[in-house]
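What follows is a set of notes on a single structure, which appears directly below.
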Amino acid sequence: MIPHTPSETPPPNLSALAEDHYFSANPPPKDLEKHIALAKDFIDFHAAAGRRLVLVTSGGTTVPLEKQTVRFIDNFSAGTRGATSAEYFLEAGYAVLFLHRQFSLLPFSRHYSHATDCFLDFLREGPDGSVIARDEDAGKMLHVLRKYREARDKKMLLVLPFVSISDYLHELRSITRLMRPLGPKALLYLAAAVSDFFVPPERMSEHKIQSTDAADSVLQAKKKVAAATEEEETFDNFDSSPKVPRSKRLVVDLDPVPKFLKNLVEGWSPEGMIVSFKLETDPAILVHKARYSLDRYQHHLVIGNLLATRKWEVVFVSPGNPDKWIRVPRNKALTGASPSTASPALAAETQSDEPLDPKSL
Ligand code: PMT
């Protein structure tokens, strides 16, 4: 175990002032007001019924390099954890507000979407020219269809999308504030993969960043000729390719995204139960980083996972408790058999039809 050292540089914290600055400097997504209205109706409806409600965040946030975005940096996440966990929360009676990266996996449809599970592979042509499920798939498909319809008809699932890091943070802040009156009946299950670095708006190009000076010659011929001459003589020592002139490179200069978890715990949702995920690639630091996050933000649970093994093992790190590893047999996690443990965190990576008990969180 790696000890905490006082010299460790803490992540920048989003104080109230910095919070105001971040949210005024980074524009909200264009559909924020619409999403807030939908979320409010959903939350009020379930609050009136005295139901427990979980916000599941899922998928990766992007970091746009241009305001009119052609290029962006992405965070790893297919949305499997979030989409599958959402199904298990529904099964356990929670209303689920599913805040996800646009086009990432969704509860229920995840069984039949994306490259590995294309829905067309589950269908065949009937004798009368109709389209029907293949016999071997029909049982599971019917089960999923019923669960999906039940969630939809009982208004148990609200699905809202985000794309960029600033979309995500605006949506998260607005929704968690709306959930505040739910008190301890609100559960925040933060499985989204959130960017740690971004391009602040004042340094972001409005238009597509150019890889040649062809457009320059049209727009600012004189000025650009002079600049190009100067730039071609300037070589960067940033990497070991001195033959590539600075004018032909794209050097990306990113600022840290302020850490919002403290503001979430203390301000946006002080009474809610907050579960965050910690993704690492180095096994030597996973538990340390999870414990550090828990100590720093003072929430309820950090679920740690490693990129390479996330499908069959996670570690629960919670205040006052020893670290708890939960594992499912690797072949079961991969083939989609039922997990042998009662945790939606691992259910998140299985295709099991057997629900697990979110109370085990
Ligand atoms: O979707 P899958 O393909 O199934 O993959 C699932 C997963 C691996 C993405 C998921 O299990 C997971 O680990 N999600 C969290 C990944 C992540 O963003 O880790 P992190 O170390 O960057 O962030 C940890 C916590 O800090 C997060 O809860 C986040 O809310 C918080 N954070 C992050 C960035 C930031 N600027 N401020 C924050 O407060």
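The values are calculated or read from the model by the stated rules, or taken from the named source; none is laboratory data. These numbers come from a predicted model, not from an experiment. Heads up, the Cβs are rebuilt from the backbone with ideal geometry, glycines too, and the neighbour counts pull from every protein chain shown.
Is it the case that some residue within the range 112-128 is touching a residue at least 40 places away in the same chain (Cβ under 8 Å), surrounded by fewer than 23 Cβ atoms within 10 Å (Cβ to Cβ) and within 12 Å of the ligand (Cβ to nearest atom)? Steps first, answer last, please.
Of the residues in the range 112-128, the ones touching a residue at least 40 places away in the same chain (Cβ under 8 Å) are none.
No, because not a single residue in the range 112-128 is touching a residue at least 40 places away in the same chain (Cβ under 8 Å), surrounded by fewer than 23 Cβ atoms within 10 Å (Cβ to Cβ) and within 12 Å of the ligand (Cβ to nearest atom).
This table checks each residue for (1) away from the ligand (no atom under 14 Å from the Cβ); (2) at pLDDT below 95; (3) of a type outside the set (Phe, Trp, Tyr); (4) out of contact with any strand residue (DSSP E or B) (no Cβ under 8 Å at 6 or more places or on another chain).
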| position | (1), (2), (3), (4) |
| --- | --- |
| 160 | yes, no, yes, no |
| 167 | no, no, yes, yes |
| 174 | yes, no, yes, yes |
| 178 | yes, no, yes, yes |
| 186 | yes, no, yes, no |
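Being at pLDDT 95 or above, under 30 Å from residue 178 (Cα atoms), away from the ligand (no atom under 13 Å from the Cβ) and not basic (Lys, Arg) narrows it down to one of 293, 318, so name that one. Give the steps one after another, and end with the answer.
Values: 293 fails: away from the ligand (no atom under 13 Å from the Cβ).
Within the list 293, 318, the selection yields 318.
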query: How do the pairs read when you match residues in the range 294-307 that are within 13 Å of residue 273 (Cα to Cα) with residues anywhere that are near the ligand (Cβ under 8 Å from one of its atoms) and small (Gly, Ala, Ser), using Cβ under 8 Å and keeping only pairs 6 or more apart or on different chains?
result: 297/276; 299/276; 301/276; 302/276; 302/293
task: Considering only the range 78-116, state which residues are at positive phi and of a type in the set (Gly, Ala, Ser).
output: 79, 93
- prompt: Which of the residues belonging to the range 126-161 are within 23 Å of the chain's Cα centre (by Cα) and part of a helix (DSSP H, G or I)?
  reply: 148, 151, 152
query: Where residues in the range 268-289 are within 9 Å of the ligand (Cβ to nearest atom) and free of Cβ contacts under 8 Å to residues at least 40 places away in the same chain, which of them is nearest to residue 184 (Cα to Cα)?
result: 278
field: Residues (crowded, with 21+ Cβ neighbours inside 10 Å and assigned to a strand (DSSP E or B)) located in the range 279-305
entry: 302, 303, 304, 305
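Of all residues in the range 56-80 being touching a His at 6+ places or on another chain (Cβ under 7 Å) and within 13 Å of the ligand (Cβ to nearest atom), which is nearest to residue 157 (Cα to Cα)?
First, pick out the residues of the range 56-80 that are touching a His at 6+ places or on another chain (Cβ under 7 Å): 58-59, 66, 68, 79.
Okay, now just the ones that are also within 13 Å of the ligand (Cβ to nearest atom), so 58-59, 79.
Values: 58: 14, 59: 17, 79: 16 Å.
Filtering the range 56-80 for residues that are touching a His at 6+ places or on another chain (Cβ under 7 Å) and within 13 Å of the ligand (Cβ to nearest atom), the one nearest to residue 157 (Cα to Cα) comes out as 58.
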- request: Residue by residue through the range 1-35, note down the ones that are modelled with pLDDT of 95 or more and over 21 Å from the mean Cα position of the chain (by Cα).
  value: 24, 25
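Only one of 90, 97, 38 is in contact (Cβ under 8 Å) with a residue 12 or more places away in the chain, more than 11 Å from the chain's Cα centre (by Cα), crowded, with 24+ Cβ neighbours inside 10 Å and in a helix (DSSP H, G or I); which?
Numbers: 97 fails: in a helix (DSSP H, G or I); 38 fails: crowded, with 24+ Cβ neighbours inside 10 Å.
Result: 90 is the single residue among 90, 97, 38 that is in contact (Cβ under 8 Å) with a residue 12 or more places away in the chain, more than 11 Å from the chain's Cα centre (by Cα), crowded, with 24+ Cβ neighbours inside 10 Å and in a helix (DSSP H, G or I).
Look through the range 250-267, keep the residues that are β-branched (Val, Ile, Thr) and touching a strand residue (DSSP E or B) at 6+ places or on another chain (Cβ under 8 Å), and return whichever of them is nearest to the ligand (Cβ to nearest atom). Steps first, please.
If we filter the range 250-267 for residues that are β-branched (Val, Ile, Thr), which is where we start, we get 251-252, 257, 265.
Those still in the list that are touching a strand residue (DSSP E or B) at 6+ places or on another chain (Cβ under 8 Å) too: 252, 257, 265.
Values: 252: 17, 257: 4, 265: 10 Å.
Here the answer is 257.
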